[in-house]
């Protein structure tokens, strides 16, 4: 392609407007989904199924990952703390890292890869095989019947998964720190108990994972709902879900961290 | 309401996807109880027409009356109320792949009615019996052949006893036996349930056996609107090309292109 300034400008303009267009579509879609959320609460059975597929089936990957992340944190944390002679603070370091940051963020990233991608592929294929159209023609709103339960399942699952991730991580750190390295058991737990604050650390961590749940859930149903109804279209949509969700989680985490933790002490 | 009343009235409808005009000033009236086949070249707007009748698409110009309601102007709730009286069979059935055959047919009852579980079971088995698949109630859609899936989808489409049935290429991809079965079911259901059926199809033989009227679309308009017998004896070149499956004729074999020799020799 010739790089004359006019065509460069045109393609730049096209890139910007098409992205803005998609953002507008996503906003309208989100609005439409929020409007039908109330209906879904009346039929909680629909959400239970999605909670099982998205949440329960993600348990193993989240707990195992949490365990490993906790172990790694313990090894790395011990190396540094040793220099300052304060190895008993290992429990605090690990717990704060997990509850404030790694729990919500890593479990959201894992959730995007494990559950959201599956949701996008499922909805995309339902669209490609006219299942959503058939539902719509049967006077059943696909937004309420298919989209909203999957969206809500992400919001409900993520805080719980993040909590389990953090708990598994603390256990992992305990195995490495206390059992293998030999830090004092009592100091490990009591320092953690004294330094982890419910409001500042736990509540903020849970808030983060709720926000991540909204973002990841919305991205996965949006990409599936508007997937081009071909094999290639569904695969592109699935990839986009994972990439966009991951970036959104990391960006939101930065914003939330600044809002929540800047200026503490 | 009289028996011969118009149930669907399409008036001067224009529909376009972007720059590409699909339907242009099309008008068509369908009477209660009829089986009308819509034929025409692929991409000629047949499926679009079903979309307009079902309210899934909105025309840029014109009005679409179904049971005296102008579909494009209906609110979502009014449209959904109308759709409860319209059944649609999609091209490949569009069965819900995560539900069994039984649950697929039960779906409209569960979503639209407050019937008891016993009642739903009875009704579903009756619908499945009508399409000969009561024994397959426990199977999943992935375990069905194409013809069986189409029959289950047909049973699901008529669960709420619609007054209008829309069929989008019901015979595509089926073996001759299945085509015959589906054709006979369409005819029987239409008579038994007092429905009006609109069938978009390419299968001329089955259509001529089945339909009361054949509407051929061309260039976004109704090209002709004839009884099956008139189609058989028609000498119109377009209809003959269609009926005899000739590759070239008024519908050209070649997609518009520049001169062949010039194209090959172009560097």
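Given the peptides A:110-122, A:15-27, arrange them by the average over their residues of other C-beta atoms within 10 Å, most packed first. Display every interim value, and only then the final one.
Values: A:110-122: 23.4, A:15-27: 10.8.
Ranking the peptides A:110-122, A:15-27 by packing returns A:110-122, A:15-27.
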GNM of chain B, Cα pairs under 10 angstrom: of B:141, B:59, B:247, the biggest fluctuation goes to B:247
Expected integer from the mean partner chain Cβ neighbour count at 10 Å over B:53-64 is 1
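By its C-alpha gyration tensor, with a ≥ b ≥ c as the square roots of the eigenvalues, how is region A:58-256 shaped: rounded for a/c under 1.5, else prolate for a/b larger than b/c, else oblate? It would help to have the intermediate numbers written out before the result.
On the way: a/c = 3.25, a/b = 2.73, b/c = 1.19.
In terms of gyration-tensor shape, prolate.
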The Cα extents of the protein assembly as shown along the principal axes, largest first and rounded to whole Å, are 101, 71, 40
Across B:251, B:152, B:215, the residue with the highest GNM fluctuation in chain B (Cα network, 10 Å cutoff) is B:251
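What do the square roots of 5 times the Cα gyration tensor eigenvalues come to for chain B, in whole Å, largest first, as semi-axes of the equivalent ellipsoid? Kindly include the intermediate steps, with their values, before the conclusion.
Numbers: eigenvalues 229, 103, 72 Å².
The three semi-axes for chain B are 34, 23, 19 Å.
State the extension gain, in nm to one decimal, for the chain segment bounded by residue A:184 and residue A:19, taking 0.36 nm per residue of separation less the distance between their alpha-carbons.
Working: separation 165, 0.36 × 165 = 59.40 nm, distance 5.49 nm.
Separation in residues times 0.36 nm, less the Cα-Cα distance, equals 53.9 nm.
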For A:173-184, B:40-51, ranked highest to lowest by mean beta-carbon neighbours within 10 Å, the order is B:40-51, A:173-184
Mean other chain Cβ within 10 Å across A:127-134 is 6
Rounded to whole angstrom, the alpha-carbon centroid of region A:36-108 lies from that of region B:52-86 at a distance of 50
Across B:18, B:146, B:180, the residue with the highest GNM fluctuation in chain B (Cα network, 10 Å cutoff) is B:18
Subtracting the Cα-Cα distance of residue B:208 and residue B:145 from 0.36 nm times their residue separation yields 20.1 nm
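How much FRET efficiency would the formula 1/(1 + (r/R0)^6) give for residue B:25 and residue A:48, where r is the Cβ-Cβ distance and R0 is 60 Å, rounded to 0.05? Mind dumping the intermediate values first?
Numbers: r = 51 Å, r/R0 = 0.86.
Working from the Cβ atoms, E equals 0.70.
For the residues A:4, B:24, what sequence is obtained by ranking on other C-beta atoms within 10 Å, fewest first?
Numbers: A:4 9, B:24 16.
Listed from fewest to most nearby Cβ atoms, that is A:4, B:24.
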Applying the gyration tensor rule to the Cα atoms of region A:101-153 (axes a ≥ b ≥ c; rounded if a/c under 1.5, else prolate if a/b exceeds b/c, else oblate), the class is oblate
For A:231-243, B:114-126, ranked highest to lowest by mean beta-carbon neighbours within 10 Å, the order is A:231-243, B:114-126
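Other chains near B:78-85: what is the mean number of their Cβ atoms within 10 Å of each residue's Cβ?
Details: counts 0, 2, 6, 1, 1, 5, 3, 1.
Counting other chains' Cβ atoms within 10 Å and averaging over B:78-85 gives 2.
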Percent antiparallel among DSSP beta bridges confined to chain B, rounded to 5, stands at 55
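What percent antiparallel are the DSSP beta bridges of the protein assembly as shown, to the nearest 5?
Values: 20 of 38 bridges.
Here the share of antiparallel DSSP bridges comes out near 55 percent.
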Taking alpha-carbon centroids only, region B:118-163 lies from region A:170-209 a number of Å equal to 57
Simple spin-label estimate for residue B:5/residue A:210, 7 Å along Cα→Cβ, in nm, reads 5.3
Among region A:228-242, those whose backbone N falls under 17 Å of a label point 7 Å along Cα→Cβ from residue B:92 are A:228-236
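Every number in this text was worked out from the coordinates using simple rules, so none of it is lab data. From a predicted model like this one, the values you see are computed outputs, not experimental measurements. When we count neighbours, we look across all protein chains shown, and the Cβ atoms used for this are built from the backbone with ideal geometry, even at glycine.
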